[in-house]
Amino acid sequence: MGRPDPEEGQLPAPVKPPDGGWGWIVLLGCFVITGFSYAFPKAVSVYFKELMKDFHVGYSDTAWISSIMLAMLYGTGPVCSIMVNQFGCRPVMLIGGLLASAGMILASFTTNIIELYLTAGVLTGLGMALNFQPSLIMLGTYFDKRRPLANGLAAAGSPVFLSSLSPLGQVLLEKFGWRGGFLIMGGLLLNCCTCGAVMRPLDMGMKRKMGKPQDKYEAKEMLPIGGKSEEGISTTDGTKKAKKAKKKPKKGKKLLDFSIFSNRGFIIYTISKFILVLGLFVPPILLVNYAKDTGVPDTEAAFLLSIIGFIDIFARPACGMVAGLKWVRPHVAYLFSFSMLFNGLTDICSARASNYTGLVIFCVFFGISYGMVGALQFEVLMAIVGSQKFSSAIGLVLLIEAFAVLIGPPSAGRLVDALKNYEVIFYLAGSEVVLSALFLGVASYCCLNRGKKKEPPPENNPSGVGGSDTEEAESDVQEAEEHSSDNHQPAHNTDNAVVAANEEANHVAEEQSGEGGGCPVGDGEVLARDGCNADQMVERDSF
């Protein structure tokens, strides 16, 4: 089932993102997957009170269920990256949907909290991880110019599902108990398989544009008999062999690319996200139980998550549209830093909320700030590393965040058990989020922007950064189409092509000897690949 290397006659990767078309169906699937992945661990908190009664455990014990789900979502990132690079997104997502559903179905038959950890936590979390990461990779493959908007719309799946799964969970809990609720939730997770089925690889449809390469003996039959035709065929074969030798290193794709750790922007982003995750998920996970302890009825307490979700629905697409503006997109990292600062200050300012009105106000502002963070987090990562390294980057980032997920909510639950005070928890969580915002903003300004001013203009590097993903794809597509059309040239043009190639080679040799190895001017394919083009700038460099 491994993914075959691109053969001659097929379009080379990366393929130009269509920024639409089937991409909208992929976006819809990513919307559903994101909704389940992020909303499900929070929506499960509706069942915590009943689980505490049945299994005679405390807050911290039940909080581990959501934490393990999130930890599996994050911690299995590198494994998911390797599987996606080896087998592709679609089969990985289909397997993930089955695992997520099986975990919740088995959880409905558990008899102790440890079994819940293994089924609802580990198995369901692993299944959602195998769906979540490939969906983001596919979204980045189908969108480039509209990518901020696409990320914002896909991220809106989280609040939409949160606002619906929470009340649904409360209804299922009242009518069927937590066991029946888990069983029905497991059936709902089978929709992840449907979403995985629509994740059509972009290159599969594009490769059909290119026909099979002509064999040299077939070419001989089409060309007139003569020495010049033989010379043209041999020259063409030699050119093909040179191209194959040049493209050989690109065939072996790394299953996990650790070279991204040499990117200072990636290091800053990773540290900031680690600190952020320590406190970001704590308020929504403990909010329902906090409201119930203050005397709010169960139905109204569950409705608080729906308020967050409703506000979040509009905040994420709106933030994605703002991030896509020409004057904002180069500075999207600072917008991300502001959104984290807004979220942290919301937690701190709302720590003293002790009635339902105060909690509603907190939910409104938390929904806005949380939506901004959700819409920008992966857009910033894509801008830093680019779409080609995104599959490895997101896996490594999620692995590092997994440790923070395992520390944050369980530690907050233990503090609740020990202090019986939620105020301290909100102060602590807000301070962690504010710290991550300040670190990202200051480090980005000091380490990246100032460093760029001091560094001389970068030398021409064909293997490094040299254009946006769309521009690279366009050049590759154009080159492949030209190569295909050359194979079908009429016979009487072969002699002219050989003569033109010889004249161009002589011209290049004269320029190199006269200018001392400067960047030659020419339209030859080999020169275009090795040529120096420093005028194009990649979006991630602006970070």
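Condition check for residue 257 on (1) surrounded by 21 or more Cβ atoms within 10 Å (Cβ to Cβ); (2) under 18 Å from the mean Cα position of the chain (by Cα): one failure, at (1). State all residues of region 281-307 that are outside any helix (DSSP H, G or I) and open to solvent by less than 30 Å² (accessible area, probe 1.4 Å); if no residue qualifies, say none. Hits for region 281-307 are 281, 296.
In region 351-380, what residues are in a helix (DSSP H, G or I) and more than 20 Å from residue 35 (Cβ to Cβ)?
Hits for region 351-380 are 356, 357, 358, 359, 360, 361, 362, 364, 365, 380.
Which residues, counting only those in region 83-111, are among the aromatic types (Phe, Trp, Tyr) and either part of a loop (DSSP other than H, G, I, E, B) or farther than 22 Å from residue 142 by Cβ (or both)?
109
Total residues in region 262-285 satisfying the condition of being in contact (Cβ under 8 Å) with a residue 24 or more places away in the chain, over 15 Å from residue 341 (Cα atoms) and of a type in the set (A, V, I, L, M): the figure is 4.
The rows are residues; the columns are (1) touching a residue at least 12 places away in the same chain (Cβ under 8 Å); (2) out of contact with any helix residue (DSSP H, G or I) (no Cβ under 7 Å at 6 or more places or on another chain); (3) buried (at least 24 other Cβ atoms within 10 Å of the Cβ); (4) over 18 Å from residue 271 (Cβ atoms).
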{"position": "368", "(1), (2), (3), (4)": "yes, no, no, yes"}
{"position": "374", "(1), (2), (3), (4)": "yes, no, yes, yes"}
{"position": "379", "(1), (2), (3), (4)": "yes, no, yes, yes"}
{"position": "389", "(1), (2), (3), (4)": "yes, no, no, yes"}
{"position": "394", "(1), (2), (3), (4)": "yes, no, yes, no"}
{"position": "404", "(1), (2), (3), (4)": "yes, no, no, no"}
{"position": "407", "(1), (2), (3), (4)": "yes, no, no, no"}
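The values are calculated or read from the model by the stated rules, or taken from the named source; none is laboratory data. All values reported here derive from a predicted model rather than from experimental measurement. With ideal geometry, Cβ positions are generated from the backbone for all residues, glycine too; neighbour counts draw on all protein chains shown. Areas reflect the complete protein model, heavy atoms only, side chains present, ligands, DNA and RNA absent. Shrake-Rupley method; radii C 1.70, N 1.55, O 1.52, S 1.80 Å.
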